Amino acid sequence: MVSQVVIYSLHVAPLIAIWVALLYDWLPYTHNFTLKYYQFILYLPVYAIFLIGIYAICNVIYGVATFNDCPEAREELKKEIDDAKADLRRRNVIS
């Protein structure tokens, strides 16, 4: 079994390699692109982190907005609480 660090590294390493190759103009036929968009390429990791943060926030908001209410679980939990209170009263722990 492979750890999550290895999986993450295998996904991120090619992206970093492409970014460095674009940044230092190591790829063939990309010289004009690199010259024209150098500032964008330079700050691309910052943009990526910003977009990942927006994606995470949107996922949390969506999860909260679509969280399901479970009336059956609520009733079951109330019954368990009442049973626990009755048991504690029977043992004279609470009055």
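Derivation of every value follows stated rules applied to the coordinates shown; laboratory data play no part. Values in this document were obtained by computation on a predicted structure and should not be read as measured data. Quick reminder, even Gly has a Cβ in these numbers, built from the backbone with ideal geometry, and neighbours come from all protein chains shown.
Placing R0 at 41 angstrom, the Cβ-Cβ distance between ILE18 and PHE67 gives a FRET efficiency of 0.60 after rounding to 0.05. Rg/Rh for the chain stands at 1.43; both radii use Cα atoms, and Rh follows the Kirkwood definition. Taking each full run of DSSP H in the chain as one helix, which ones are at least 30 Å long along their axis (Cα atoms) and have mean Kyte-Doolittle hydropathy of at least -1.0? What comes out of the filter, once short or polar helices are dropped, is 44-65.
Averaging Cα coordinates gives a centre for segment 56-77 and one for segment 19-55; these two points are 39 Å apart.
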